[in-house]
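To start, the structure under review is shown below, and the notes come after it.
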Amino acid sequence: MELIQLGPWDLSVAAVLVLALAAISWRLRLGVEVQLLVAAIRSILQLLLIGLVLKTLFAQSNPILIAALSLLMLSIAGYEVMARQQRRFKGLWGVGIGSLSMFISSFSITILALKLVVQVEPWYTPQYLIPLLGMMLGNTMSGMSIALDNLTYNAWQQRGTIEAKLMLGWDWDHAISEIRRNALRAGLIPIINAMAAAGVVSLPGMMTGQILAGSPPLEAAKYQIMILLLIAVGTGLGAIFAVWVGSRRLFDQRQRLRLDRLR
Amino acid sequence: MASLTLIQFQSRILNPIDLVVAAGECVTLAGPSGCGKSLLLRALADLDAHSGEAMIGEQHQSTLPPPDWRKRVGMLPAESHWWADRVRDHFSSVDAELLEFLGFNTECLDWSIARLSSGERQRLSLARLLSGHPEALLLDEPTANLDEGSGRRLESLITTYRREHDTAVIWVSHDPKQRERIANRAFLIEGQTLRPETWS
């Protein structure tokens with residue numbers, strides 16, 4: 001099966017449909033038409049831009065450029081994790097905890113996958129590295145932001161309980177352990193759901209893409225399995241790290257609950 | 001049998017305080033809301049940052065790990081917090097004698113927290129604190145949310161306990177009659193300093 005190329009005409013059909021949806025939203029006074037159009041235009045521009053960037057990157061295969069793009073992706077993901085927190089850490093910690101955890105989990109697991117599983121030469125071949133990393137970051141990002149948000153929000157809500165435990169002489173570790181467990185559980189639910197639904201309820205995006213691009217379905221399935229498993233591990237490790245660092249940061253040297261470190 | 005000593009102890013709002021609360025002594029604190037009395041107790045429990053030093057017996061606050069300090073200098077907040085469904089899950093050790101002293105028997109451990117009256121809650125919260133055998137007590141308006149009867153009951157239980165165990169107590173209370181009943185020494189917070197309170 002050959003890859004069927006999409007022309008401007010095919011894309012404008014989809015675009016007109018979005019315009020129609022915006023018109024319906026306006027007619028029904030849903031009030032989301034502006035947001036819808038802005039988001040649609042944003043995604044069109046972002047995707048065209050990354051298409052162009054990747055085209056150049058693939059042509060050059062320059063390690064420095066690849067590293068730069070990877071770091072850019074990481075910092076945007078770190079920012080997104082921070083922006084989704086209702087109560088986030090002040091200062092550099094806000095963006096730092098998420099970014100560092102994603103750096104540790106996503107980067108190490110992507111590199112591991114490229115070296116041991118896919119075994120491309122060199123391992124930083126951008127055709128493999130960038131999409132894999134993107135998928136890792138995109139998915140761990142949501143797990144991480146849910147887990148961190150859950151942690152800080154619940155610590156804020158349950159201040160009285162945490163301090164009651166401290167007053168009884170509990171360690172900080174013990175006093176926050178239940179909130180920490182719940183935060184981790186919440187962070188892991190999306191990927192557990194994704195694994196449970198994979199292939200039965202939903203055909204994951206990557207597999208769909210490969211099939212549309214002409215890959216044999218079984219090959220696409222194998223790649224998808226690898227990706228899902230790696231994402232699960234990445235999200236899990238990243239969330240554990242982020243929640244641990246975050247919960248430690250909620251207390252100071254004298255084991256006082258420091259909600260003033262949140263905003 | 002330990003005294004609670006404050007050496008140039010400074011919490012937020014208040015000026016540095018030098019004070020020795022002897023073992024078995026009850027010192028009351030009063031003052032308008034927002035004057036910093038609760039903050040002083042929080043700092044003494046090492047829940048808030050502060051400067052200066054506090055001692056329980058011969059032990060300095062700064063040399064003890066915070067959980068050990070908080071076990072020895074127990075704080076009872078005005079409002080008790082509960083995190084599990086059953087009373088039992090909030091106790092690390094069960095002291096039947098103590099529960100009996102506070103007017104419960106061990107059956108109360110199977111009660112559901114949601115069904116406790118405010119008086120029972122506060123007495124169980126005290127039981128929870130006392131089961132760790134603190135040597136000094138910081139009480140932040142422990143009877144403020146109780147009706148007259150349960151308040152008086154809790155008050156006399158604490159006083160009996162203090163005398164029997166020679167516990168040093170700092171008691172924040174807004175009720176002048178209560179202060180007169182319980183205090184060995186009483187202080188008012190005026191401005192940012194402690195002034196002795198007297199009754200005519």
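The values are calculated or read from the model by the stated rules, or taken from the named source; none is laboratory data. The structure presented is a predicted model; accordingly, all values stated were derived computationally and were not measured. In this analysis, Cβ positions are derived from the backbone assuming ideal geometry, glycine residues included, and neighbour counts consider all displayed protein chains. The protein model used for the area step is the full one, side chains on, heavy atoms only, and it has no ligands, DNA or RNA in it. Shrake-Rupley method; radii C 1.70, N 1.55, O 1.52, S 1.80 Å.
Residues in the range A:109-137 near a label at A:I225, defined as backbone nitrogen under 13 Å from the 7 Å Cα→Cβ point? No residues fall inside that zone. The helix-based estimate of mean residue ellipticity at 222 nm for chain A, built from -39,500 (n - 2.57) per DSSP H run of four or more residues and divided by its residue count, is -25000 deg cm²/dmol to the nearest 500. For B:D175 and A:I104, a Förster radius of 41 Å and the Cβ-Cβ distance give a FRET efficiency of 0.15, rounded to the nearest 0.05.
Against the main long axis of the alpha-carbon atoms of chain B, helix B:118-130 sits at an angle near 70°.
Helical runs assigned H by DSSP (4 residues or longer) give chain B a calculated mean residue ellipticity at 222 nm of -8500 deg cm²/dmol, each run adding -39500 (n - 2.57) before division by the residue total. Computed 3J(HN,Hα) for the range A:187-194, one whole-Hz value per residue from the Karplus formula 6.51 cos²θ - 1.76 cosθ + 1.60 where θ = phi - 60°, is x, 8, 4, x, 6, 5, 4, 4, glycine and proline marked x.
Selection among A:S177, A:P131, A:P63 by position relative to the dipole of the range A:62-261 gives A:S177 as farthest towards the positive end (Cβ unit charges, Cα centre). Leaving out ligands, DNA and RNA, and with a 1.4 Å probe, what % of the accessible surface on chain A is carbon or sulfur? Of all accessible area on chain A, carbon and sulfur atoms account for 68 percent. Among A:R181, A:R29, A:R84, the largest mean-square fluctuation in a Gaussian network model of chain A (Cα springs under 10 Å) belongs to A:R29.
Restricting the range A:204-250 to trypsin sites (Lys or Arg not before Pro) that sit in a DSSP loop and have at most 10 other Cβ atoms within 10 Å of their own Cβ leaves nothing. Annotation: per residue accessible area for chain A equals 57 Å², rounded to a whole number [probe 1.4 Å, protein chains only].
To the nearest 0.05, what FRET efficiency results for A:S61 and A:I41 with a Förster distance of 35 Å applied to their C-beta separation?
Details: r = 31 Å, r/R0 = 0.90.
Efficiency at R0 = 35 Å is approximately 0.65.
Here the spin labels are modelled as points 7 Å beyond Cα on the Cα-Cβ line, and at B:I7 and B:D95 they lie 2.9 nm apart.
Placing unit charges on each Cβ (+1 for Lys and Arg, -1 for Asp and Glu) gives the protein assembly as shown a dipole about its Cα centre, and among B:P176, A:I227, A:P122 the Cα reaching farthest toward its positive end belongs to A:P122. The charge dipole of chain A, taken about its Cα centre with unit charges on the Cβ of Lys, Arg, Asp and Glu (plus for the first two, minus for the last two), comes to roughly 1020 debye.
Computed with every protein chain present, the accessible area of A:Y79 is close to 120 Å² [probe 1.4 Å].
Put a plus charge on the Cβ of each Lys and Arg, a minus charge on the Cβ of each Asp and Glu, and nothing anywhere else: the dipole of the protein assembly as shown about its Cα centre is then about 1020 debye. Computed from Cα positions, the angle between helix B:148-165 and the longest principal axis of chain B comes to roughly 70 degrees. Placing unit charges on the Cβ atoms of the charged side chains and taking the dipole of the protein assembly as shown about its Cα centre, the candidate lying farthest along the positive direction among A:G205, B:W199, A:L45 is A:L45.
Interface area, chains A and B: about 1700 Å² of buried accessible surface, summed, with a 1.4 Å probe and ligands, DNA and RNA left out. Considering protein heavy atoms only and a 1.4 Å probe radius, which residues within the range B:9-55 exhibit an accessible-area decrease of no less than 50 Å² in the full assembly relative to the chain by itself? Buried on complex formation: B:R42, B:L47.
If you take the alpha carbon atoms of the range B:1-142 and fit the smallest convex hull around them, that volume is 121 Å³ per residue. Evaluated at q = 0.15 Å⁻¹, the base-10 log of the normalised Debye intensity for the range A:192-263, with identical point scatterers placed on the Cα atoms, takes the values -0.63. Residue order by solvent-accessible surface for B:T198, B:T160, B:T143 is B:T198, B:T160, B:T143, largest first, with ligands and nucleic acids left out and a 1.4 Å probe. Given H placed on each backbone N at 1.01 Å, which residues far from B:A78 in sequence or on other chains put an amide H within less than 5 Å of it? When sequence neighbours closer than 5 places are left aside, the close amide H contacts are B:D140.
Going from the isolated chain to the complete set of protein chains, the range B:108-135 loses at least 30 Å² of heavy-atom accessible area (1.4 Å probe) at B:R128. Inter-part distance, the range A:61-104 to the range A:193-263, computed on C-alpha centroids, equals 15 Å. Given a Förster radius of 25 Å and the C-beta distance between A:M195 and A:W123 as r, what FRET efficiency does 1/(1 + (r/R0)^6) yield to the nearest 0.05? Between A:M195 and A:W123 the formula returns 0.45. The residues of the range A:168-183 listed by number as losing at least 30 Å² of accessible area in the complex, against the isolated chain and with a 1.4 Å probe, are A:L168, A:G169, A:W170.
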